[in-house]
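Participant: Quick one: structure below, then a few questions.
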Amino acid sequence: MASTASFIPRATFPHPESIIKSYFLGHHKAGLTKMRQLISSVELIIECRDYRVPLSSRNPMFEKNLIGRERMIVYTKRDLGSNELDPRTRETIRRWHTPQKVLFTDCTSDNDIKKVISYAKDTARAVDSLTGTRMMLVGMPNVGKSSLLNALRRVGMHKGKAAITGGQPGVTRSIGSTVRVCSDPDILLYDTPGVFIPYVPNAATMLKLALVGCVKDSLIDPVTLCDYLLFRINLLAPELYAQWHPPTNDVMELLTAMAIETGRLGKGGVPDLTATAIWMIQRYRAGGMGRFILDDVDPGALQRRTEEEAKEGMSANQMRKGIKAERAAHKASRSNLD
Ligand SMILES: Nc1nc2c(ncn2[C@@H]2O[C@H](COP(=O)(O)OP(=O)(O)OP(=O)(O)O)[C@@H](O)[C@H]2O)c(=O)[nH]1
């Protein structure tokens, strides 16, 4: 067993071939279509991204579809990604988007929500519409759109929840009517279903999105997810799991220690590693495995990402073929297991 001083974390993560890279479902497509239809009737688009994955939760499809539209980018769940490096990280992210408006929110912080309202009000005043200014929330699944809508209504109108929220993706399935989040000036907001990326560029992005709950939990093996989480934590601060185990690169060792400690044992007292992995993921999502950002944030990161996307330059046709082939392979591997 390694002490923290002598521990050498893995420099790379061996991505299993089995990780699916597509998750573009029917309601994502329908959400995108409806969003496109509404775009011309809204004055401001509030695009939500998850602060823990500021690059991975960016959907390039929005870039294409929202071109030329007034947009504010809100990095949600900042409470779950914040650590002592926060001010520098936020400044770097802000600079990625200059001159666009960028805000960071914890939906329970009235101060954060007031900043969103203040910017929305400026936009509404400039529009000066007699029938109210319409705005639209967009973003990847489970990034916190409905929670933001409820928080805006709570702070702006002193009213209770208007949208259902939940820990799994796909809670909002359709675009309903607008919700009033402020009355002076009148601001009406559309919530929209989360729209996933048609084809995730690499397995690491999919693992990060799965860790923060952007995809259905059954899509990726929880032990693999924990292994990736361990890989990231080891690069950052292995002491984050010191209460269970000294620094290790072996996820089985860590899960076994956690299973024994938390009593997750199966028949004959054998540690239940799958149940423990699910528990560890839930704990991470609630901030109990440390609060940090999973993407590498540096001044050039967004630029590199967009260049990579351009280089990959997948045509819509190639993308559809990729998704189809992957689904078929996934189905075949499942039926082999049955
Ligand atoms: N800690 C924390 N949790 C948040 C925050 N915002 C949202 N959540 C949680 O994230 C989960 C998803 O939130 P939702 O508001 O349902 O997300 P959504 O983007 O509307 O989800 P879809 O309808 O699936 O697209 C819920 O469990 C929320 O409680 C936040 O600022 N901080």
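Each value in this text was obtained by applying a stated rule to the coordinates, not by laboratory testing. In this text, all values refer to a predicted model and were calculated from it rather than measured experimentally. We place every Cβ from the backbone using ideal geometry, glycine too, and count neighbours over all the protein chains shown.
Participant: Return the Cα extents of the range 26-190 along principal axes one, two and three, sorted largest first, each rounded to a whole Å.
Facilitator: Per principal axis, max minus min of the Cα coordinates gives 45, 36, 31 Å.
Participant: Mind checking which lysines have their Cα closer than 23 Å to the Cα of residue 311? Skip sequence neighbours fewer than 8 apart in that chain.
Facilitator: 21, 64, 208, 321, 324
Participant: Could you please rank 66, 219, placing first whichever residue has the fewest other Cβ atoms within 10 Å of its Cβ?
Facilitator: 219, 66
Participant: So how do 218, 82, 57, 41 line up by other beta-carbon neighbours within 10 Å, fewest first? Spell out each step's value before the answer.
Facilitator: On the way: 218 7, 82 20, 57 28, 41 10.
Lowest count first: 218, 41, 82, 57.
Participant: Enter the angle in degrees (range 0 to 90, nearest 10) between the Cα long axis of helix 273-285 and the first principal axis of the Cα atoms of the chain, meaning the one along which they spread out most.
Facilitator: Its long axis makes an angle of about 40 degrees.
Participant: So, one more: Between 104, 26, 212, whose Cα lies farthest towards the positive end of the dipole of the chain when Lys and Arg beta carbons carry +1 and Asp and Glu beta carbons carry -1, centred on the Cα centre?
Facilitator: Value: 26.
Participant: Which length gain, in nm to one decimal place, applies between residue 128 and residue 67 when the Cα-Cα distance is subtracted from 0.36 nm times their residue separation?
Facilitator: Gain in length upon complete extension: 19.7 nm.
Participant: Measuring from label point to label point, each 7 Å out along Cα→Cβ, what is the residue 108 to residue 88 span in nm?
Facilitator: My value for the distance between the label points is 2.8 nm.
Participant: Is the range 207-309 rounded, prolate or oblate when judged by the Cα gyration tensor, a ≥ b ≥ c being the square roots of its eigenvalues, rounded requiring a/c under 1.5 and prolate requiring a/b larger than b/c? Walk me through the numbers on the way to the answer.
Facilitator: Values: a/c = 2.69, a/b = 1.80, b/c = 1.50.
Verdict is prolate for the range 207-309.
Participant: Also, quick follow-up: Just from its helices, what would the mean residue ellipticity at 222 nm be for the chain, if runs of 4 or more DSSP H residues each count -39500 (n - 2.57) and the sum is divided by every residue, rounded to the nearest 500 deg cm²/dmol?
Facilitator: -14000 deg cm²/dmol
Participant: Neighbouring Cβ atoms within 10 Å as the yardstick, rank 67, 39, 233 fewest first. Walk me through the numbers before you get to the answer.
Facilitator: Numbers: 67 8, 39 15, 233 22.
In order of increasing Cβ crowding within 10 Å: 67, 39, 233.
Participant: Send over the Kirkwood Rh of the chain, from the inverse of the averaged 1/r over different Cα pairs, rounded to one decimal Å. Don't jump to the answer; show the numbers that get you there.
Facilitator: On the way: mean 1/r = 0.0468 Å⁻¹.
About 21.4 Å for the chain.
Participant: Can you tell me the orientation of helix 86-97 relative to the chain, as the angle in degrees between its alpha-carbon axis and the longest Cα principal axis, to the nearest 10?
Facilitator: Tilt relative to the chain: about 50 degrees.
Participant: With the chain treated as a Gaussian network of Cα nodes joined by springs under 10 Å, which of 204, 301, 151 yields the largest mean-square fluctuation?
Facilitator: Looking only at 204, 301, 151, the largest GNM fluctuation is found for 301.
Participant: Let me ask another. Along the Cα-to-Cβ line of residue 119, 7 Å from the Cα, sits a label point; which residues in the range 12-47 have backbone N less than 11 Å from it?
Facilitator: 45-47
Participant: Okay, next question. Using Stokes-Einstein with the Kirkwood hydrodynamic radius over Cα pairs, what translational diffusion coefficient do you get for the range 74-143 at 37 °C and a viscosity of 0.692 mPa s, in µm²/s rounded to a whole number?
Facilitator: Answer from the Stokes-Einstein relation: 237 µm²/s.
Participant: Right, something else. Which of the three applies to the range 1-116, rounded, prolate or oblate, going by the alpha-carbon gyration tensor with a ≥ b ≥ c and a/c under 1.5 meaning rounded?
Facilitator: oblate
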